[in-house]
Amino acid sequence: MIELLQQGGPIMAIIVLLSLVGTVIIIERLLFFRKIRVDEEKMISRLKSALEKGHFDEAVSICDNNPAPITNLMKVGIEHRNFSESEIKESIMNAANLEIPRLERYLPALGTVAHIAPLLGLLGTVTGNIEAFGVLGQFAAGGDPRALANGIAEALLTTAAGIVVAVPAIIFYNHLVSKVNHIIIRLENRVGELVLLLKGRSY
């Protein structure tokens, strides 16, 4: 690794840093989505059973013990159960809007890594070639062939490194964005169901 950094120059160090940032974001997001994954149908069935019995504290406890976007919305609805239907719906919609930033957290940074890495690789290619051609111009004056090899190595290594970092970053970025969009659409479709679940349950 140290040898690659030396051969690739300072741009290689930046690309490696970006790869570390991208890896950390990917792992954090995968763990986050795993943590909030729940069986929504089973969860709503449990909440419906508790609400029908008027056990609102139990329903809130279920939401607290199973943190997920759907349970967060349900908790807000339960807390506003004494309000009108339109107010309950508005409170749930506001809660849904607050869930979106949590779902999209760090994704813009991952997208930036995916776009910048190959550009930095290209920049390393340009600077490496400039160095190589500079050495070629010095050959007549007794230039060192090893300097030429270093310039060519920098040009090739940074390009390869930029692509290696960008490809998985793009794949995981698209996967995570698709997952977020799926969750958001599902939440939007659940709002009406949650309101109907709470309608007429205020005591």
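Coordinate-derived values only; no laboratory data. Every value quoted in this text rests on a predicted model; they were computed, and no experiment measured them.
Do me a favour and compute the ellipsoid semi-axes for region 41-104 from its Cα gyration tensor, root of five times each eigenvalue, largest one first, whole Å.
Numbers: eigenvalues 73, 49, 14 Å².
For region 41-104, the ellipsoid semi-axes come out as 19, 16, 8 Å.
Once fully extended, how much extra length lies between Ala160 and His182, figured as 0.36 nm per residue of separation less the alpha-carbon to alpha-carbon distance?
Full-extension gain reported as 4.6 nm.
Within straight cross-link reach of Lys53, meaning Cα distance under 18 Å, which lysines are found once same-chain residues fewer than 8 apart are removed?
Straight-distance partners of Lys53: Lys42, Lys75, Lys199.
Binning every alpha carbon pair distance of region 1-100 at 10 Å from zero, what are the percents per bin?
Calculated over all Cα pairs of region 1-100, the distribution is 14, 31, 20, 12, 11, 9, 3 percent.
Among the lysines, which have Cα under 18 Å from the Cα of Lys179 when same-chain residues fewer than 8 positions away are ignored?
Correct list for Lys179: Lys35.
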